[in-house]
Amino acid sequence: MPETPSTSRRGLLFGAAAMSAGVLVTGCTSNEPSDAEPTANDQSAADDKPGKPVTIGFAGPQADHGWLNAINDNAEKRAKTYSDVTMEITEGSNDTAQQIGQIETLINKKVDVLVVLPADGKALTQVGLKAMRAGIPVVNLDRVFNSPQAYRCWIGGDNYGMGLNAGHYIGEKLKDTPNARVIELAGLDNLELTKQRTQGFDDALKNYPNIKKVARQAADFTVESGQAKMAQLLQAQSKFDALWNHDDDQGVGALRAIEQAGRDDFLMVGGAGALSAFQAIKADNGVLKATVLYPPSMAASAIDLARALGQGKGVGGLAEFEIPTSLTCYSAVVDKENVDQYMSTGFK
């Protein structure tokens, strides 16, 4: 799963057919100017109308996880919606040297803009710098490069926000439960993103003095690890009220372990936004009641940003001439009340 800077976030909608219109002020008397400078820029914002042709080079890691596969899918599908966008796509790789070589090939092809989700942000910083120095702006997707000079814009998810929103959801459900007990099934502990998710969760629970986190187990984002580690948690904890699982892929295994143990005496919150999680939430016949998003639609937004960069436009709905330097997507909570809205975004 992806690593990101810890920033607060609110998702922006891109590709809207919006325009920042300048307002002309008309003078009322002869000694006032007949018109003045516009209060906001009158440049076209990024929209769906065809514009200058843009070639976008897209380089991502190997799609060995449902979320990563959805990243590639979202980027490709978004590019196809624009008649003025051509995509040069590399074969995803988790081998750092291979991905660097793929990006250097895109640089040599002189693509207009690069969108890169690096297998390792730190290790690929130099090739990001190389692209920027070659005059090719880089949209750094999710796993952040070590230097802000290596990208023009970063867009990604909010790991801290995932934990925070999961904690608040559980907290509100259990706020009237005396001596409530919660457990956590985390991801890989050697990843900074896992630490950020746990920190957000712990910080949220501080608002609920009746709730105590009594156990935490780290898995590794696979169905198998989720099942094995959840089985251990269930054996060690005979009574608890809620579970937060960091990742919906490993959540498939966790749910298997829960079913095998015959447990239904707690509520579960997932993470990321897999289709299987949405379907279970909609069915509402098990412990899974909600999931907090780490939306792969950020890849589609990265294509929107890259197109805007290539065409010298800003973002629809904002007054600035340029796209922002960074955008953090919001970790919405999806439960039975709003799951239909998000169903089409679920990844397999």
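The values are calculated or read from the model by the stated rules, or taken from the named source; none is laboratory data. Bear in mind the structure is a predicted one, so any value in this text is a computation, not a measurement. Every residue, glycine among them, receives a Cβ derived from its backbone with ideal geometry; neighbour counts consider all protein chains shown. Remember, those area values only see protein heavy atoms, side chains included, never the ligands or the DNA or RNA. Shrake-Rupley method; radii C 1.70, N 1.55, O 1.52, S 1.80 Å.
Okay, here's what the table says:
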{"item": "Cleavage-rule hits (trypsin sites (Lys or Arg not before Pro)) in the stretch 192-269: DSSP loop, at most 11 neighbouring Cβ within 10 angstrom", "result": "Lys206, Lys239"}
{"item": "Value of Rg/Rh across the stretch 234-348 [Cα atoms, Kirkwood radius]", "result": "1.14"}
{"item": "Span from the the stretch 224-243 Cα centroid across to the the stretch 65-125 one, whole angstrom", "result": "37"}
{"item": "In sequence order, calculated HN-Hα J values of the stretch 268-283 (Karplus, 6.51, -1.76, 1.60; Hz; x Gly/Pro)", "result": "10, 10, x, x, 3, x, 6, 4, 4, 5, 4, 5, 5, 5, 5, 5"}
{"item": "Computed Kirkwood radius, in angstrom, where 1/r is averaged over Cα pairs of the stretch 180-302", "result": "14.6"}
{"item": "The chain - accessible surface per residue (Å², probe 1.4 Å)", "result": "45"}
{"item": "Between 0 and 90°, nearest 10: helix 192-205 axis offset from the chain longest Cα axis", "result": "70"}
{"item": "Cα-based helix-to-principal-axis angle, 248-261 vs the chain, degrees rounded to 10", "result": "10"}
{"item": "Low-density loop cleavage sites - trypsin sites (Lys or Arg not before Pro) in the stretch 100-162, where at most 15 other Cβ are within 10 Å (DSSP)", "result": "Lys109, Lys110, Lys122"}
{"item": "MRE, 222 nm, helices only [DSSP H, n ≥ 4, -39500 (n - 2.57), over the chain, to nearest 500]", "result": "-11000 deg cm²/dmol"}
{"item": "Two-decimal log10 I(q)/I(0) for the chain, as the Debye equation yields it once each C-alpha is a single scatterer, q = 0.15, 0.16 Å⁻¹", "result": "-1.17, -1.27"}
{"item": "Whole-Hz couplings from phi, Karplus 6.51/-1.76/1.60, listed for the stretch 211-219; x for Gly and Pro", "result": "10, 10, 7, 9, 7, 8, 9, 9, 10"}
{"item": "The stretch 62-147: GluC sites (Glu not before Pro) in DSSP coil with no more than 13 other Cβ atoms inside 10 Å", "result": "Glu91"}
{"item": "Rounded to 5, percent antiparallel among DSSP beta bridges of the chain", "result": "10"}
{"item": "C-alpha long axis of helix 96-108 to longest principal axis of the chain, angle in °", "result": "20"}
{"item": "Cut-off under 5 Å, modelled amide H: who pairs with Val315 long-range", "result": "Ala46"}
{"item": "Carbon/sulfur fraction of accessible area - the stretch 112-203, other protein chains in place, 1.4 Å, %", "result": "47"}
{"item": "Extension gain, Arg133 back to Lys348 (0.36 nm per residue minus Cα-Cα distance, nm)", "result": "73.6 nm"}
{"item": "Reach of Lys313 by Cα under 16 Å, taken over aspartates and glutamates that are not fewer than 8 positions away in the same chain", "result": "Asp42, Asp47, Asp48, Asp84, Asp112, Asp304, Glu322"}
